[in-house]
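The values are calculated or read from the model by the stated rules, or taken from the named source; none is laboratory data. For clarity, every value in this text was computed on a predicted model and none was experimentally measured. Because the Cβ atoms are built from the backbone with ideal geometry, glycine has one as well, and the counts that use them run over all protein chains shown. All accessible areas refer to the heavy atoms of the entire protein, side chains included, with ligands and DNA or RNA removed. Shrake-Rupley method; radii C 1.70, N 1.55, O 1.52, S 1.80 Å.
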Amino acid sequence: MTRWLDPPQVDASPLSPLDLPLLLKQTLIRRGIATPDSARAFLHPDETPSTPFPNIESATEIIHAAIQRKDRICVWGDFDVDGQTSTTLLVQTLQSLGADVVYYIPIRGKESHGVHIESLAPIIDGGIKLLVTCDTGITAHEAIDYANSRGVDVVVTDHHDPILAERSDQRERSRSAYDLPNAKAIINPKLLPQEHPLKNLAGVGVAYKLAESLITNYQLQSAQSPIHRAELVEASSLELLDLVALGLIADVALLHGETRSLAQKGIQQLRKTNRIGLKVMAELSNTNLESLTEETIGFTFAPRLNALGRLSDANPAVELLITDNAARARVLAAQIEGLNAQRRLLTSQVTEAAEAQLREHPELLNEPAIVLSHPNWPGGVVGIVANRLVDRYHKPALLLTESDDGILRGSARSIEGLHITEAISSQKESLLNFGGHPMAAGLSLQKENLSSFRRGFGKAIEKQLGEIVREEPTLQIDAWLNLDEINFGLADAIEMLAPFGVGNPKLTFASRGVTLKSVAEIGKTKEHLRLAVEDENGKVQSILWWGGAGEELPETGTQIDIAYSVRASTFRGEKQVNATFEEFRVVEEKAIEVRERRLEIRDWRLALSDVEGLGNKRIGELENLLIWAEGADKAKGKSRFELHPADELVIYTTPPSPSELRAALDIVKPKIVHVFGVSPAKEKTDEFLARLAGMAKFAINNKGGKVSVDELAVVTAQRVNAVRIGLEWLSAGGHVTAVPEGEAILLSAGNGEANQYLQKELFVAARGILDETAAFRDYFSRADLEQVFVAL
C-alpha cells in the first residue's frame, strides 16, 4: 500500500524578491533552487547561455575536412526516438553545409542496437570515407576497428555508458577509466565531470552540440559580416531544437543543467515547428501543437515514432522529419499511425500477461526489482511494459523474452536514484551483452543464468538504494487543494515549472474527503476512465485516469482522498484545465448490506453426452437456464456477448481465459453453475491464422468485408485479443487491409507488401495468447472447480 506524504514545510522568503505564487516558491525551494538567480535560470531558459561541449573541436575539424574534400559521410543512428532525432538532426545539418551524406538506422528485428559489421560493410563498399555515429557507438570496438581497416574514419557521438577498463577503480569516472573504441573523435557526456551542465544530455543533445559547433565553425569561415554570421548561427540552431525536445523527452533524460534548458527551448520551437511530418502526425492524432507539452511528446509523438523502430524499419522516420513533400509525409505518418495501433495491441497483451504472472506469484513484488520472462512476449514492446510496471509498483522492472535460439533478451526501466545500467553491469559475467544509461537498459543472457542474475541484480540495486528498496512506496503530495482551486491560475503557475520529467517530477495535488460520483469508460477502445468526484460544497470535478479501465475502484458514493496532477490544454480551440488521476485511498466505505451468497457448482465434466442430460430433466426445463457455448458448439447456447442475468448458468464450452469466465459470472450472477467444460481442439498458431485468413476471405467475398471481432472470437472460441492480433498479422503480411468501422472492421484485399519484422512480433504474440488459452483449458478440465471459482 502506498503511504501518502504531506508537503514538507519550507520557508519561501529566500525567493521573496521574485513575483511568483507561493506554491511555486515553495516547490522551487523543495527542489533545491533557493536563490533568485538560480530560480530565474530555471524558469527562463532564454537566460541560460549555451555551454560548448569540451574538446568538440577535433570532431568538428574532421567533419569539415570531409565536407571540403567532398567525401561521402554516413550518419549511423539508432531506432528509438532519441536515435531517430539524432540522425535527422545531423543529416539535416550536414546537408545544409553541402555535405554528401547518407544515413543508416539498424532494423531492430534483425540487428538490435549498435554498429554491426554485416550492415556496415556494404555501406563502406558504397564509398563512404567518414562514419559519424549518434546515440550509439561507444561500445562498438569491433565495428570501428573494421571501419578503420577499410580506410574509414569514425567520429562517435553517444550518451550511453562506456565500458569500464578491466583494472579501473569503479568509483573513478575519468576518461582513462574507460575502454574506449579507436575512433578519431569521441563526444560523450559520460566522460565529463559529474557536475558539468552537459552531463545529462541524451543522444540528440550530443548531436545538437556537434551541429551547433559545425554551424558556428562554418559561419566563422564564411565571408559574411560578424553580425550576420551570429544571426545565421542562431537561426540554424533554433530550427533543430524541436528535434532536441522530441529526443530528450522520449529518452527520459534527466532534466538538469542545460538538458532542461534545451528541452524547454525545444518545446517552444516544437509548438511552431515547420516540419510537415510532425504537423501531419499531430493532425492524425488530433494533437494541438500550440498547447503542446512534454506530456504530448511522451504520450503522442514518442510512442508513434517508437512503434516504427520497434515493429518495422526506423529509417523512414528521418525522411518524415526532413521532407518538404506533404503527400509523402502523409503516407509515412499514416503508416506510423497504423503501427502505433498494433503497438498498443501488443502492449496491452504483454501488460495483461505480466500482471497475471504477478498475481500468480505475488512474492516477486517483494524483490528489489520486478524481473519477469516469457517465451511468447514480442520483444518490441517489453520495454514499454517494463515502464508501465515501474509506474504502477514504484520498482525497477526488467522484462525478458526468449527467442528461438534459447537466449533471453530484454529491456529494463529504472526509478529515480537508481543507475540501472550500473546495477546490470555488476552481473556482466552472467550476460552475453548489455548497454544503456541510468534510466533504461537492454541486455541478453542464457536462460540458465537467469536465477543467478536475478539474485545478483537485486543485491546491486540494494547496494545503490540501501533501505529504500524495502520501504513501502510513497506518494509525495505537493499541496492539498479544495476542488474549486483547480483553475486556470493554478494551471498557468504550474506551467512555469515545466517541462516535467526525471529530475523535475510533475506536481501531485490531492483533495480530501470527496465523494466518487460516477465512473465512465472513454477512448476508442474504452481503455481510459473519467471519474467525477464531488466535495461537500457540491463542487464536481472530472478526473481522467489514462489506462484505468479494469482497475479496482470503490463503489460510487464512497468517500475518498484522491491525488492528481493538473495541466492546461486546448481542445477544439478552447482552453481547459485537466486533472489527471494519480492514486486514491478510501476514507469511508459506503455502508452496504452484506448477504453471503454461496455459488453452487455442479460438475458434469465427465458427462458430456448432451447438455440436456444434466442428470435431472427438471433443470433442463427451467426457463432461467442459460447455456454458454461457443466455437463448433455455438448452436447449443449463447455466446459470451449474449449472456444475461439468470439463476443457473451452464458452461458448456471451456472459456478461453479466467477473464472471460469472471466477466460471464459478473453478467449472469447465477446461483448455480453447471460445468461441462468441453474444450475446442487445440490449434497451432499457423493453423489458427490460416483459419482466420479463410474467414477474412469469406467476409471480403460474401459480406462486403464487414466483420465483427467479437463474432470471430465466438466462432473460433478464442480471446478477442487473439483475433485482433491475428487480423493485424494478416494485415502486416499484405493479405488484407483492415479499417475500423464503428464496432466492426472493414476488410479488403491487401496489397501483398509484407512487414516481416512486424509479422514476426505479431506471430509471437498470437502464439502466446493461444498457448495461454490452451494451458487454461487444460487446467480447467482437471482442476478442483471450487478452487477455480474462488480464485476469480
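State whether one or more residues within the range 386-399 are out of contact with any helix residue (DSSP H, G or I) (no Cβ under 7 Å at 6 or more places or on another chain) and farther than 27 Å from S348 by Cβ. No, that holds for no residue.
For the range 95-106, the tally of residues that are open to solvent by less than 10 Å² (accessible area, probe 1.4 Å) and out of contact with any Phe, Trp or Tyr (no Cβ under 9 Å at 6 or more places or on another chain) stands at 0.
Go through the residues of the range 589-607 one by one and say whether even a single one is among the acidic types (D, E), under 42 Å from the mean Cα position of the chain (by Cα) and either closer than 21 Å to V788 by Cα or at pLDDT below 90 (or both). Yes, the range 589-607 contains a residue that is among the acidic types (D, E), under 42 Å from the mean Cα position of the chain (by Cα) and either closer than 21 Å to V788 by Cα or at pLDDT below 90 (or both). Taken as a whole, the range 312-334 holds no residue that is open to solvent by 10 Å² or more (accessible area, probe 1.4 Å), in contact with a strand residue (DSSP E or B) (Cβ under 9 Å, 6 or more places away or on another chain) and hydrophobic (A, V, I, L, M, F, W, C).
Just so you know, in the range 634-672 the residues that are of a type in the set (A, V, I, L, M), more than 32 Å from the chain's Cα centre (by Cα) and not in a strand (DSSP E or B) include one that is surrounded by the fewest Cβ atoms within 10 Å (Cβ to Cβ), and it is A635.
For the range 250-267, the condition holds for at least one residue, the condition being that it is over 20 Å from S236 (Cα atoms), open to solvent by 20 Å² or more (accessible area, probe 1.4 Å), touching a Pro at 6+ places or on another chain (Cβ under 6 Å) and not in a loop (DSSP other than H, G, I, E, B).
Within the range 404-418, the set of residues being touching a Ser or Thr at 6+ places or on another chain (Cβ under 9 Å) and either open to solvent by 40 Å² or more (accessible area, probe 1.4 Å) or assigned to a loop (DSSP other than H, G, I, E, B) (or both) comprises R409, S414. Here is the figure for the range 515-545: residues that are closer than 28 Å to A744 by Cβ and either modelled with pLDDT of 90 or more or open to solvent by less than 80 Å² (accessible area, probe 1.4 Å) (or both) total 11. Selection within the range 126-156: residues that are hydroxyl-bearing (S, T, Y) and closer than 27 Å to G436 by Cβ. The member of this set that is surrounded by the fewest Cβ atoms within 10 Å (Cβ to Cβ) is Y146. Out of S38, S50, S58, one residue alone is open to solvent by 30 Å² or more (accessible area, probe 1.4 Å), of a type outside the set (F, W, Y), part of a helix (DSSP H, G or I) and in contact (Cβ under 8 Å) with a residue 24 or more places away in the chain. It is S58.
Looking at the range 280-290, which of its residues are in a helix (DSSP H, G or I) and within 22 Å of the chain's Cα centre (by Cα)? V280, M281, A282, E283, L284, L289, listed by residue number.
Of the set (1) part of a helix (DSSP H, G or I); (2) touching a residue at least 24 places away in the same chain (Cβ under 8 Å); (3) within 28 Å of G309 (Cα to Cα), all apply to T773 but (3). The residue pairs whose first member lies in the range 345-374 and is farther than 21 Å from E527 by Cα, whose second member is open to solvent by 70 Å² or more (accessible area, probe 1.4 Å), and whose beta carbons are closer than 7 Å, counting only pairs six or more residues apart or on different chains, are V371/R454. Among the residues of the range 13-32, just one is farther than 27 Å from D561 by Cα, surrounded by 16 or more Cβ atoms within 10 Å (Cβ to Cβ) and out of contact with any Pro (no Cβ under 9 Å at 6 or more places or on another chain), namely L20. Looking at the range 113-123, is at least one residue open to solvent by 30 Å² or more (accessible area, probe 1.4 Å) and under 21 Å from Y218 (Cβ atoms)? Among the residues of the range 113-123, not one is open to solvent by 30 Å² or more (accessible area, probe 1.4 Å) and under 21 Å from Y218 (Cβ atoms), which makes the answer no.
Any residue in the range 72-85 that is surrounded by fewer than 21 Cβ atoms within 10 Å (Cβ to Cβ) and touching a residue at least 24 places away in the same chain (Cβ under 8 Å)? Checking the range 72-85: at least one residue is surrounded by fewer than 21 Cβ atoms within 10 Å (Cβ to Cβ) and touching a residue at least 24 places away in the same chain (Cβ under 8 Å).
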